[in-house]
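Quick notes on the structure that follows.
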Amino acid sequence: MSEPITVTHVHGQEISVQSSGTELLRYVYRPDPEAFESRKPYAHPLRTLAGRTVTGYRPNDHRWHKGLQMTASHVSGQNFWGGNSYLSPEKGYQAVPERVGSMRHDSFEAIQPAEDRLDFTERLSWLAHSGDHWADERREIAVHSVEAAEGAWALDWSIHLTNARDMPLRFGSPTTAGRGMAGYTGLHWRGPRDFNGGTVLAGGGLAGESQTMGQQAPWLAFGATHDEVDASSTLVFAHAPENADAIHESHWFVRSEPTPTVAFSWAFHEEFELPPGESFAYRYRVVVADGEWDAGRVEQYLKAHAW
């Protein structure tokens, strides 16, 4: 049985979801001011039902990592990830501010709070650094299944992106630009500092960063033990079934240390193009749980909470 939630909307800034006195999520759609960090909405903090924070914000190694964000590291020469851009094996990473784009919040099409869940639809524009309008996004987010018996709650995040240019948009990653096993792009989670060295599991019996990086699996779990308190938490990242038929196949980007991070990468190994006026869509789920879940526990939860 789902627990009741409370939704607070500070208009023009953020939406917060609380349950039993704990803020589970804060979705900030008024972006931070630093253009080099690729200004865009983000969700931080994410917390477990017991109040454990499971996202990092502007860590000193990558200031542009902000909780859970939609990103795109390589798009036709623009960087919607933030920070330094990977140019080539010869040039490596360089600070190129004119390559860093942004995702502008335009409006909420709908905000639908209920007793035990929140659904909202957001409209965004993807802008090149020049300010040119490159893409339109419809984003849908749902907070649901806040269940004390499970010790977990779920966040669904979907993207529907349309090319607004008169030429194709090319989506890639540092790996498609020549940096091996660094195919990060797409919906990205950055963990807090105490998640360094966490445990990584994935569907199909995969375990550890070395087995999961750049691989395909329907779900991936990242668990760790917190500092200060004797407690562990787990995040489960899962693909909706229809993602298997999306414009391009996805692979996992995952690092356990020194930067705890996971991304649903839609262009890990190969680039793909989105023609003018055409769209693509993906749908994801992030489960935020107290305790360190093993593969059996993850499979059990996902089976009981069907799409």
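Filter region 162-203 down to the residues that are small (Gly, Ala, Ser), over 28 Å from Pro89 (Cβ atoms) and open to solvent by 30 Å² or more (accessible area, probe 1.4 Å) and list them by number.
Hits for region 162-203 are Ala164, Gly197.
Report yes if Phe222 is in a strand (DSSP E or B), within 17 Å of the chain's Cα centre (by Cα) and over 24 Å from Ala246 (Cα atoms), otherwise no.
Working: in a strand (DSSP E or B): yes; within 17 Å of the chain's Cα centre (by Cα): yes; over 24 Å from Ala246 (Cα atoms): yes.
Judged against the criteria, Phe222 is a match.
Counting only residues that are surrounded by 19 or more Cβ atoms within 10 Å (Cβ to Cβ), give me the strands (runs of 3 or more DSSP E) lying completely in region 67-144 with at least 2 of them.
Values: elements: 68-71, 85-88, 92-94, 102-113, 118-127.
So the answer is 68-71, 85-88, 102-113, 118-127.
Residues being part of a loop (DSSP other than H, G, I, E, B) and either under 24 Å from Ala240 (Cβ atoms) or among the basic types (Lys, Arg) (or both): count how many of those fall in region 177-214. Talk me through it step by step, then tell me what you get.
Narrowing region 177-214 to residues part of a loop (DSSP other than H, G, I, E, B): 177-185, 191-192, 196-198, 203-205, 208, 213-214.
Now restrict to residues that are either under 24 Å from Ala240 (Cβ atoms) or among the basic types (Lys, Arg) (or both): 179, 183-185, 191, 203-205, 213-214.
Residues in region 177-214 being part of a loop (DSSP other than H, G, I, E, B) and either under 24 Å from Ala240 (Cβ atoms) or among the basic types (Lys, Arg) (or both): 10 in total.
So Ala224 ticks every box in (1) touching a Gly at 6+ places or on another chain (Cβ under 8 Å); (2) within 26 Å of Phe80 (Cβ to Cβ); (3) among the hydrophobic types (A, V, I, L, M, F, W, C) but one. Which box is left unticked?
(2)
When you go through (1) of a type in the set (A, V, I, L, M); (2) open to solvent by 20 Å² or more (accessible area, probe 1.4 Å); (3) not in a loop (DSSP other than H, G, I, E, B) one by one for Ala154, which number turns out not to apply?
Result: Ala154 passes all but (2).
Need a quick list: strands (runs of 3 or more DSSP E) entirely within region 232-271 having at least 1 residues that are under 23 Å from Arg179 (Cβ atoms), open to solvent by 10 Å² or more (accessible area, probe 1.4 Å) and of a type in the set (D, E, K, R). Spell out how you get there, then give the answer.
Working: elements: 232-239, 251-255, 261-265.
Here the list reads 251-255.
Scan region 286-305 and give yes if some residue there is over 19 Å from Ala43 (Cβ atoms), in a strand (DSSP E or B) and either open to solvent by less than 50 Å² (accessible area, probe 1.4 Å) or small (Gly, Ala, Ser) (or both), otherwise no. Walk me through it before giving the result.
Kept after step one, since they are over 19 Å from Ala43 (Cβ atoms), are these residues of region 286-305: 291-305.
Filter again for in a strand (DSSP E or B), leaving none.
The answer is no, given that none of the residues of region 286-305 is over 19 Å from Ala43 (Cβ atoms), in a strand (DSSP E or B) and either open to solvent by less than 50 Å² (accessible area, probe 1.4 Å) or small (Gly, Ala, Ser) (or both).
Is it the case, given these coordinates, that Arg283 is closer than 19 Å to Phe195 by Cβ, open to solvent by 30 Å² or more (accessible area, probe 1.4 Å) and not in a loop (DSSP other than H, G, I, E, B)? Show your work before the answer.
Working: closer than 19 Å to Phe195 by Cβ: no; open to solvent by 30 Å² or more (accessible area, probe 1.4 Å): yes; not in a loop (DSSP other than H, G, I, E, B): yes.
No: the conditions fail for Arg283.
For region 13-66, which positions are aliphatic (A, V, I, L, M) and open to solvent by less than 20 Å² (accessible area, probe 1.4 Å)? Please lay out each step first, then the result.
From region 13-66, those aliphatic (A, V, I, L, M) are 15, 17, 24-25, 28, 35, 43, 46, 49-50, 54; that's our starting set.
Selection gives Ile15, Val17, Leu24, Leu25, Val28, Ala43, Leu46, Val54.
Just wondering, is there one or more residues in region 128-136 that are in contact (Cβ under 8 Å) with a residue 60 or more places away in the chain and under 30 Å from Trp293 (Cβ atoms)?
There is no residue in region 128-136 that is in contact (Cβ under 8 Å) with a residue 60 or more places away in the chain and under 30 Å from Trp293 (Cβ atoms).
Which one is nearest to Tyr29 (Cα to Cα), of the residues in region 116-127 that are touching a Phe, Trp or Tyr at 6+ places or on another chain (Cβ under 8 Å) and touching a residue at least 60 places away in the same chain (Cβ under 8 Å)?
Among those that are touching a Phe, Trp or Tyr at 6+ places or on another chain (Cβ under 8 Å) and touching a residue at least 60 places away in the same chain (Cβ under 8 Å), it is Glu122.
The values are calculated or read from the model by the stated rules, or taken from the named source; none is laboratory data. Treat the numbers as computed from the prediction; the structure is a model and nothing was measured. Cβ coordinates were reconstructed from backbone atoms using ideal geometry, including for glycine residues, and neighbour counts include every protein chain displayed. Side chains are part of the model used for accessible areas, which takes the heavy atoms of the whole protein and leaves out ligands, DNA and RNA. Shrake-Rupley method; radii C 1.70, N 1.55, O 1.52, S 1.80 Å.
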